[in-house]
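One structure is given here, and the rest of the page talks about it.
The values are calculated or read from the model by the stated rules, or taken from the named source; none is laboratory data. Computed from a predicted model, the values in this text were never measured in an experiment. Cβ atoms come from the backbone with ideal geometry, glycine included; neighbour counts cover every protein chain shown. To get the accessible areas, we keep the full protein, side chains included, count just its heavy atoms, and leave off ligands, DNA and RNA. Shrake-Rupley method; radii C 1.70, N 1.55, O 1.52, S 1.80 Å.
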Amino acid sequence: MSANPRDRAARAFDMLYEKVVARLTSVARDRRCERAHVWRWAGDGGFLAVHDADESIALDVTLSFALKLLEMDLRHLRDEFEDLGIGGELHLRLAVHRGTINYRGVGFEGRMYSPDINFVAHLEKVAPIDTVTVSEDVYQVAGDFAKRFERAGSFEGRDVYVAATGPGPRRPGDADRAWLATHGLAGAVPIFGHHERPSQVEKARLVRAAVHEIVDIGSAIRTGARYLVTTERPAYFRDAVLDFLDRGGRYRCVLMDPDSESTRNLSLQRGEDFQAKIKDAMVSFQRFKERYGSRADGLEVYQTGACPTMGCVAVDLGQPHSVVLLSPYMTVPGTFGALAELAELPHYVIGVRAGTLYENVRRMVRAFQEEDVTRVM
């Protein structure tokens, strides 16, 4: 939608719909299937229902349609999009499941009820692009089609199988590679990855989202400290921190003790004067305290003899809405080039829904906040 004028985007969606209907109608007619319909369509995709008294016919229609749509029609659609100057890349995800459906009504005006509808709708959302992803219920009765599918993982308590498509011959492991690139290894949980440090504006959003407490941990926290006394206008981060403190929030900063053995070792390891960076941050914290007086009472600064080996901003640890912005420090070879204040390292936002991963991070943050620390401001 964003890459095209509205009329051109609408034409693209119409072409997709027409191709889907034409392929489904063609396959169903060839197999003399009783019912094969687009039940609901929502612009860029929809829900198709296929039924026959002979289930093998319905299965054959469904899987033939899905594979031909990806292997034949998708390529043609991309060519047609290019000819018409439609911008953007076209990819499709298809999911197939079999189950019992309760139907009430007449024709297409009725309603269908089934947990299986919910499952296949969820499965479509997690299917790798340009694949047909089927449930174990489909795979078990897939017959010759089963040769096209590989077990790729599990979803909502069911094994799922994937048929990867694309240019070139199919290779063993294609399905597993597609699922792995989309979902990671088994047991993975959702987090948000960022290729570099979020901007001052985005970090200010974290602060504004806090209710009770923010914990800011790092080797020097110099960037955050400078945000507090910046001469730039608007000063997004500083204003967000002041508002948070005015609301009674507690902002705890933990950085390394400049005179500790850990700081000396880190300076040697990274070839940077961390002692100077820490002292520079302390000057900024002090200026902030002096400038805003009692408004800044909720800002607490601690030093630790340990080496955090991470940058971290944790919001309301233990609360249902808690999030943690985390960047593990990485050691890079000298030929890699200097990193700009570690800003180019990957950063991750981890929420409570990450389960055990979040809990482990929460415990780590608490340990750095509470153990071997001395309050200095």
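Mean separation of Cα pairs under 8 Å and 6 or more residues apart, divided by the residue count, gives segment 1-71 a relative contact order of 27 percent.
Round to a whole number: what % of the accessible area of segment 185-286 belongs to carbon and sulfur, probe 1.4 Å?
The computed percentage sits at 51.
Near the amide H of residue 212, within less than 5 Å, lie the amide hydrogens of 316, all on another chain or at least 5 residues away, with H placed in the peptide plane.
Using the rule -39500 (n - 2.57) for each DSSP H run of four or more residues, divided by the residues of the chain, the 222 nm mean residue ellipticity is -12500 deg cm²/dmol. Across segment 215-220, coupling constants 3J(HN,Hα) worked out from phi with the 6.51/-1.76/1.60 Karplus curve, θ = phi - 60°, read 10, 10, 10, x, 5, 9 Hz, and Gly and Pro carry x.
Summing +1 for each Lys or Arg and -1 for each Asp or Glu among the other residues whose beta-carbon sits under 12 angstrom from that of residue 254 gives -3.
How tilted is helix 356-370 with respect to the longest principal axis of the chain? Cα atoms for both, answer in degrees (0 to 90, nearest 10). That helix lies at roughly 0 degrees to the long axis. Look at the alpha carbon pairs under 8 Å that are at least 6 residues apart: their mean separation over the length of the chain gives a relative contact order of 12 percent.
Within segment 241-377, all pairs of alpha-carbon atoms sorted by distance into 5 Å bins from zero give the percentages 2, 9, 16, 19, 21, 18, 11, 4, 1, 0. Bridge orientation summary for segment 77-163: considering DSSP beta bridges with both residues in this region, about 75 percent are antiparallel. Positive contributions from Lys and Arg (+1) and negative ones from Asp and Glu (-1), summed over other residues with Cβ under 11 Å from the Cβ of residue 47, come out at 0.
Quick check: from the Cα gyration tensor, does segment 212-269 come out rounded (a/c under 1.5), prolate or oblate? Oblate, because a/c is 1.5 or more while a/b does not exceed b/c.
The GluC sites (Glu not before Pro) found in segment 229-299 that occupy coil by DSSP, while having at most 13 further C-beta atoms within 10 Å, are 232. Looking at the chain, send over the antiparallel percent of its DSSP beta bridges, to the nearest 5. Antiparallel bridges make up about 70 percent of those DSSP assigns within the chain. Each residue of segment 175-226 gets 149 Å³ once the volume of the Cα convex hull is shared out per residue. Solvent-accessible surface (1.4 Å probe) assigned to residue 125 amounts to roughly 140 Å².
The angle separating the long axis of helix 274-292 from the principal Cα axis of greatest extent in the chain is about 80 degrees.
Packing, as the average of other Cβ atoms within 10 Å across residues, places the peptides 300-309, 136-145 in the order 300-309, 136-145, highest first. Look at (1) 71, 53, 38; (2) 81, 43, 41; (3) 74, 48, 41: the one that is Cα extents along the principal axes in Å derived from this structure is (2). Ligands, DNA and RNA are left out, and with a 1.4 angstrom probe the accessible area of segment 179-288 is 50 Å² per residue.
Accessible surface of segment 26-179, 1.4 Å probe: 48 percent of it comes from carbon and sulfur atoms.
Charged neighbours of residue 99, selected by a Cβ distance under 14 Å, balance to -3 (K, R count +1; D, E count -1).
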